[in-house]
1. How many residues, within segment 466-499, are in a strand (DSSP E or B) and away from the ligand (no atom under 12 Å from the Cβ)?
2. Pull up segment 152-175, narrow it to residues that are among the acidic types (Asp, Glu) and more than 19 Å from ASP99 (Cα to Cα), then point me to the one that is most open to solvent (accessible area, probe 1.4 Å).
3. Just give me the residues in segment 513-529 being more than 16 Å from the ligand (Cβ to nearest atom) and more than 18 Å from PHE238 (Cβ to Cβ), in sequence order.
4. Within the bounds of segment 28-39, is there any residue that is touching a strand residue (DSSP E or B) at 6+ places or on another chain (Cβ under 6 Å), under 29 Å from GLN119 (Cβ atoms) and not in a strand (DSSP E or B)?
5. For segment 316-337, enumerate the residues that are of a type in the set (Val, Ile, Thr) and either in a helix (DSSP H, G or I) or in the same structural domain as GLY393 (by TED's automatic domain parsing) (or both).
6. Only one of these is among the polar types (S, T, N, Q) and either loosely packed, with under 15 Cβ neighbours inside 10 Å or touching a Pro at 6+ places or on another chain (Cβ under 9 Å) (or both): THR91, THR95. Name it.
7. So, in segment 87-102, of the ones that are within 16 Å of the ligand (Cβ to nearest atom) and of a type outside the set (Ser, Thr, Tyr), which residue ends up farthest from the chain's Cα centre (by Cα)?
8. Inside segment 94-132, can you point out the residues that are among the hydroxyl-bearing types (Ser, Thr, Tyr) and touching a Lys or Arg at 6+ places or on another chain (Cβ under 8 Å)?
Amino acid sequence: MRLIPRRVEALLSASGGEQALSAALTGSEAGLQLGPLAVDVSLAGTEVDWSLANRSDSPVRVRAIALVYELIDIVVPLRMFRNGYQSWSPTAIATFGIDVDPSVLADLEFLQATQHADQRRARDGELRSEWVTLLTDAGSSGPDRPLLAGFDGGDRHDGTFRLRADGRTTELWCEAFFGDATVAAGEHRALHGIVLDDGDGDDGPTKLSSWAIGVGHRHGARVQAPYQVGWCSWYQYFHDVTEAHVRTNLNLAAAWPFDVFQLDDGYQRAIGDWLTTNHKFPSGLDDIASTISVHGLTPGVWLAPFLAAPDSQVAIRHPEWIARRVVDGVDKGPLRTWWNPQWGGGEDGFMYGLDTTHPEVAAHLESVAADLVDAGFTYLKLDFTFSPSVDGGYHDQSCTPAQRVRAGFDAIRRGAGESAFILGCGVPLSNVVGVVDASRIGEDVAPKWALGPTEEIVAGYLDVQPSTQRAYVNTLTRAFMHRRLWLNDPDCIMLRTEDTELSPAQMRTWARTVAVSGGMALVSDDLALLDDNARQVLDDVLEIGRVCDDEAIAGRPACCDDLLDWALPKCFAAIGYQLNVQPAEGTSTLRRS
Ligand code: 9PG
């Protein structure tokens, strides 16, 4: 299989509809004209440099611009390692012509905005991967020598790889996604470079590693934080968490080797009003933070900083801070970016998206973060942070969705300060290298191993619903990111054997997966439910986890050697450890190697 550069395609948005433009690539250095846009492409070497400029005298709205390669000499099956868009998006191998894009199953833009950079439905048969991909076929360049394509960054715009077949040709579209951002007359924008690695000899995980090392260096990845051990309220108490739960567990925590004690969703008065608590937390946040500190632990707190409930103070006092829903150029009111009935909010659980490009919103985010850190919460879990990526009307229309997400994170980092620990969750991964200390890299775990097809809440959504099996898969397939782009957060360990549908064997499989990954190790149980056996499991996790994390720091993170072989990989190895899993059942064996 080989890639031949063929052309550049641009999709422009205009009041009367959309305009698709195309220009053929003739040599390895090309200056192409696509309507008002001049696109410079340099294909020399293993990295593509490209940029665009608006040569017209009026602004241009750009949906996307893509460098299109034709794939030749393919020996089917052609397969694609699909990296998901954000923390919760499935990441695994898929077969072209058989597997389908999640948007085809859901066909609901509201949900698709969480799955891929472009919330619109993919073409029939198309497969997408975000930021980076591996392609492999059955030919001479087969499974052991896949081809990697990756964008070398993601804070200016998202980068989407689309595998498409059109009649008899198969194409790889390397797309800089602008999401209708306005490029001013005369403006020039550098695009993220595209790395193409078809080197013989290196296998898929090795190529992914090299790519991640390059991106991390280029963007100042924050990879210095110590190994994280702690407690989190979510997977035991969920929304029903109370101050009494927090205090009881805090009193028991002294006997456990925790550094961080993190309060999750359920304390806040309203989504968006992060500094005021509800009736379940009568003492307020300052008191909770100081109580955690008195116990010798680092206070951590959850917030969904870019969401606002319709009946929150922030939304009521500052309607101009909310992004707008725009249909065919017509303003249709506040932009809804998430739905969670348990949050209430006055509109059946629909949440508004804050406009992170508005200077007052940035100042507000900065001040909320500063206040939380002042209260003592030096560990911030920032959740549902894909919100500003949703298509809509924003104050600064020149910003791409990636820039809107990044602007929100940058504001929070300014307020929180350099020494606060920031964990991104529900986060578009490519947008935040260099600003977060850690990223959740998989779906939520649940006190249950796997979900059956009948448990799907909304069509096309099953793979994103909380399930320990799904979290397991992403922990393996995204292990190469750990300590290169940030610290990986595989999600919490649950050690309890009651109040859970996880069998003891499944509980151990997940704990071992977290351990071998070298990623963050937070426990999410009512500590009163845990016995000596649970403690032994955690002690083993931490012993192995520290060794594996040290190896990652030394440049040798855990590796999934069969990530191109199965959608549910089975092998996870780190220096000194080999984990073999039966992913359907959730059973495993761990060997020292
Ligand atoms: C708090 C939780 C926890 C958890 C986060 C996030 O797709 N979904 O409907 C969906 C809902 C919740 C969710 C993830 C996905 O969980 O990952 O750790 O903090 O919010 O509400």
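The values are calculated or read from the model by the stated rules, or taken from the named source; none is laboratory data. Note that the coordinates shown come from a computational prediction; the quantities given were computed from them, not determined experimentally. Cβ: placed from backbone, ideal geometry, glycine included. Neighbour counts: every protein chain shown. Note: areas computed on protein heavy atoms with side chains; ligands, DNA, RNA excluded. Shrake-Rupley method; radii C 1.70, N 1.55, O 1.52, S 1.80 Å.
1. Taking segment 466-499 and keeping what is in a strand (DSSP E or B), we get 482, 486-489, 493.
Those still in the list that are away from the ligand (no atom under 12 Å from the Cβ) too: 482, 486-488, 493.
Here the count works out to 5.
2. Top of the filtered list is ASP155.
3. Within segment 513-529, THR513, ALA515, VAL516, SER517, GLY518 meet the criteria.
4. Yes: segment 28-39 contains one or more residues that are touching a strand residue (DSSP E or B) at 6+ places or on another chain (Cβ under 6 Å), under 29 Å from GLN119 (Cβ atoms) and not in a strand (DSSP E or B).
5. ILE316
6. Details: THR91 fails: either loosely packed, with under 15 Cβ neighbours inside 10 Å or touching a Pro at 6+ places or on another chain (Cβ under 9 Å) (or both).
After ruling out the rest, the residue left standing is THR95.
7. If we take residues in segment 87-102 being within 16 Å of the ligand (Cβ to nearest atom) and of a type outside the set (Ser, Thr, Tyr), then PRO102 is farthest from the chain's Cα centre (by Cα).
8. Matches in segment 94-132: THR95, SER103, SER129.
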